[in-house]
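Each remark here refers to the structure printed beneath this line.
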Amino acid sequence: MKRSLSLFAASALFFAVVGLTNVFASTNKTPSSTRAIAVTGCLEPGPVAKEYIVQGNDGKAWGVNEKDLMLNNYVGKTVTVAGDPTHATLDERKSGGASHYMLARDVVVDSKSCQE
């Protein structure tokens, strides 16, 4: 009898702890500054290797870093680049090519030239 009572108490304590953990578990609350963004504009080569500049339609210049997208194929075209905002590296700050920076995750070509 004592054995089943202690087993019941241990089970109840376990489920209470698991329940409280789920209640107080933090959801994925990301600040708005780290949410994905999309910028549309003319893609130009940047001052640093593997960096490009997108002159957005809103007038903001975005420094775009990429890893596997081969953005050099899209230079001189109007594109929409989606990615995550980042901080400027030391080289990027020295070059002063853009005021905002992002790590590109996807690119879509909107037109074959920047004049269209």
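We did not get these values from a lab; they are worked out from the coordinates using the rules stated. All figures in this text were calculated on a predicted structure; none of them were measured in a lab. Using ideal geometry, Cβ is built from the backbone for each residue, glycine included, and neighbour counts are taken over all protein chains shown.
So what's the range 35-111 giving for Rg/Rh, alpha carbon basis, Kirkwood Rh from the mean inverse pair distance?
Values: Rg = 10.9 Å, Rh = 11.9 Å.
Rg/Rh for the range 35-111 comes to 0.91.
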Long-range amide H contacts for Lys77: which residues qualify at under 5 Å (H placed 1.01 Å from N, peptide plane, sequence gap of 5 or more or a different chain)?
Leu43
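If you take every residue apart from Val75 with its C-beta less than 13 Å away from the C-beta of Val75, what net charge results, scoring Lys and Arg +1 and Asp and Glu -1? Numbers along the way, then the final one.
Details: positive: Lys50, Lys77, Lys112; negative: Glu44, Glu51, Glu66.
The answer is 0.
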Pop a pseudo-label 7 angstrom from the Cα along the beta-carbon direction at both Ser99 and Ala36 and give the gap in nm to one decimal.
2.6
Filtered hits (aspartates and glutamates, Cα-Cα < 19 Å from Lys112, offset >= 8 within chain) -> Glu44
If each residue's Cβ is checked for other Cβ atoms within 10 Å, how do Tyr101, Tyr52 rank with the fewest at the top?
Tyr101, Tyr52
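Counting other beta carbons within 10 Å of each residue's own, what order do Leu90, Leu103 fall into, fewest first?
On the way: Leu90 7, Leu103 14.
In order of increasing Cβ crowding within 10 Å: Leu90, Leu103.
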Can you work out ³J(HN,Hα) from phi for every residue in the range 36-49, in order, using Karplus 6.51 cos²θ - 1.76 cosθ + 1.60 and θ = phi - 60°, giving whole Hz and x for Gly and Pro?
4, 10, 9, 10, 10, x, 7, 8, 10, x, x, x, 10, 4
